[in-house]
Amino acid sequence: MLVSGNDFYAAPRLNPDNTQLAWLEWHHPNMPWDGTELWVGRCAADGSIAEKKKVAGGETESICQPGWSPDGVLYFVSDRSGWWNLSRVAGDPLGASAAIETVYPLAAEFGSAQWSFRPSRYAFASAQRLICSYSRDGSASLAAVDLSTLAVTPIATEFTEIGSLCADVGHVYFVGASPTHFPAIIKLAPASGQVALLKAANTQEVGSYNGYLSIAQPIEFPTENGFTAFGLFHPPANRDFASPAGELPPLIVRSHGGPTSAFSSALDWGVQYWTSRGFAVLNVNYGGSTGYGRAYRERLRGKWGVVDVEDCINGAKHLAASGKVDGKRMAIRGGSAGGYTTLCALTFHNVFKTGASYYGVSDLEALAKDTHKFESRYLDGMIGPYPARRDLYVERSPVHFADRVAVPVAFFQGAEDAIVPPNQAEAMVEALKGRGVPVQYLLFDGEQHGFRRAQTVKRTLDAELYFYSIFLTGTRLSFTVEGG
């Protein structure tokens, strides 16, 4: 046992000569994107930590991705400026004169919400050169930093989603994707620009789909309290069909999960399924999403079920007012936390004509009472402490207000979902059925939180399309869905 006493520890990193160890730690009710601390300890001869010191971080600073350069300088990503930017410690981290220096100040994100271990948005090509990726407006970029002068050189790339970065003297390796590329392991030579695809997640030739792919268009739109929100708009695209003159497309608004996640502009068959069939799609990166700075993430503090819903609604209204979609034919869909946003929009507002919830939360109390340690205090920041603010948990739980839902709703649920059990969806389904509101409910044996089986994904998409053909577009389809 090296260190103990805090709620969470992560990212232990030894320096090149194994004399110092850096790590992250944080405590309830913080999530790692709220507040973390960067510590460094000196390694004794027996491997224990002889002394330790907090180098950076605190209650209102999120730190991630600590790492040592080949010459023993400690680097990390911090949002003390309001953006997750690259920083480093000048001098011995355990010394009295150690100081924090920003390596690449930029209104962009060099980090993301730490839902998993070992994120990698920067790597050392040598002791003098660092390669990094950052995201801005839903799109990623690459750059090289001279660590002596801190001069920055952009690296041209067509990839708009970049992660798992590694580097050597002549090459950069990363997992990349774009609006016309599936995720793949990429080898890039910055000097020549030569790109090699080492391993692809999908072997389909995307070029054969030219004329069918809808490319994401970043948009900004006004939302509540004078703020601006963001999204990615996908217009319909199908080279074989054209809409009738003067007809605007129906809109599907997608609310992501997390809710700290964010949609990217990378190729997503889940979007293309809809746009190739005549629907417009808006992927909303509502307040609380990562990729737009700390202040934007914190818009959701105490406001989950409010800010996210308002942003989805205002994004849809913006597109309708701009003449890009039919404001009378708009639906909303989402999974998990996005399913919660979807159900709140359909329960507490009258904007969307229908919607679909994939394993969505309908009862916040149940979520607060039964979850794992990492997320056990997550709702403190997004709703309020439980049970002290039980009133808010009840007030924002769609299951208690199913009598307000006046539009058809589709529910898709995994029978073995331990995070959002089937009874959350089934309580809503029974309440709607009892009032005669059209409802579709499909329960899948063997599926958990997030569908994994290809046949399940296909079945749900086809069923959702059929549901919309009845209750959104008014053009009832006739086709056989595999499996009945």
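The values are calculated or read from the model by the stated rules, or taken from the named source; none is laboratory data. All values derive from a computational prediction rather than experimental measurement. Neighbour counts are summed over all protein chains in view; Cβ atoms, including those assigned to glycine, are modelled from backbone coordinates with ideal geometry.
Points to keep in mind about this one:
- Test: residue in the stretch 187-196 that is at pLDDT below 95, surrounded by 15 or more Cβ atoms within 10 Å (Cβ to Cβ) and in contact with a His (Cβ under 9 Å, 6 or more places away or on another chain): yes
- Check on Leu94, farther than 30 Å from Asp137 by Cβ, in contact with a Phe, Trp or Tyr (Cβ under 8 Å, 6 or more places away or on another chain) and surrounded by fewer than 21 Cβ atoms within 10 Å (Cβ to Cβ): no
- In the stretch 282-326, residue surrounded by the most Cβ atoms within 10 Å (Cβ to Cβ) [restricted to those that are aromatic (Phe, Trp, Tyr) and within 11 Å of Ala229 (Cα to Cα)]: Tyr286
- Per the listing Val55, Val89, Val40, Val77, the residue uniquely of a type outside the set (Gly, Ala, Ser) and in contact with a Ser or Thr (Cβ under 9 Å, 6 or more places away or on another chain) is Val77.
- Test: residue in the stretch 467-474 that is over 25 Å from the mean Cα position of the chain (by Cα), modelled with pLDDT under 95 and exposed (fewer than 15 other Cβ atoms within 10 Å of the Cβ): yes
- Tally, over the stretch 380-422, of residues that are within 27 Å of Tyr466 (Cβ to Cβ) and more than 26 Å from the chain's Cα centre (by Cα): 7
- Condition met for Ala356 (surrounded by fewer than 24 Cβ atoms within 10 Å (Cβ to Cβ) and not assigned by TED's automatic domain parsing to the domain that holds His27): no
- Residue count for the stretch 198-208 satisfying the condition of being surrounded by 12 or more Cβ atoms within 10 Å (Cβ to Cβ) and in a strand (DSSP E or B): 1.
- Residues located in the stretch 312-325, provided they are out of contact with any helix residue (DSSP H, G or I) (no Cβ under 8 Å at 6 or more places or on another chain) and in contact (Cβ under 8 Å) with a residue 24 or more places away in the chain: Gly315, Ala316, Lys317, His318, Leu319, Ala320, Gly323, Lys324
- When Gly450 is tested against (1) in contact (Cβ under 8 Å) with a residue 60 or more places away in the chain; (2) touching a helix residue (DSSP H, G or I) at 6+ places or on another chain (Cβ under 9 Å), just one condition goes unmet, and that condition is (2).
- Criterion applied to Ala337, Ala366 was being aliphatic (A, V, I, L, M) and free of Cβ contacts under 8 Å to residues at least 60 places away in the same chain, and the one residue passing it is Ala366.
- Verdict on Ala402 being surrounded by 18 or more Cβ atoms within 10 Å (Cβ to Cβ), under 20 Å from His349 (Cβ atoms) and of a type in the set (A, V, I, L, M, F, W, C): yes
- Among the numbered conditions (1) surrounded by 15 or more Cβ atoms within 10 Å (Cβ to Cβ); (2) closer than 13 Å to Gly57 by Cβ, the only one that His27 does not meet is (1).
- The set of residues from the stretch 338-353 being more than 16 Å from Leu461 (Cα to Cα) and surrounded by 24 or more Cβ atoms within 10 Å (Cβ to Cβ) comprises Gly338, Tyr340, Thr341, Thr342, Leu343, Cys344, Ala345, Leu346, Thr347.
- Residues that are touching a residue at least 40 places away in the same chain (Cβ under 8 Å), surrounded by fewer than 16 Cβ atoms within 10 Å (Cβ to Cβ) and under 19 Å from Phe110 (Cβ atoms), drawn from the stretch 34-86: Gly82
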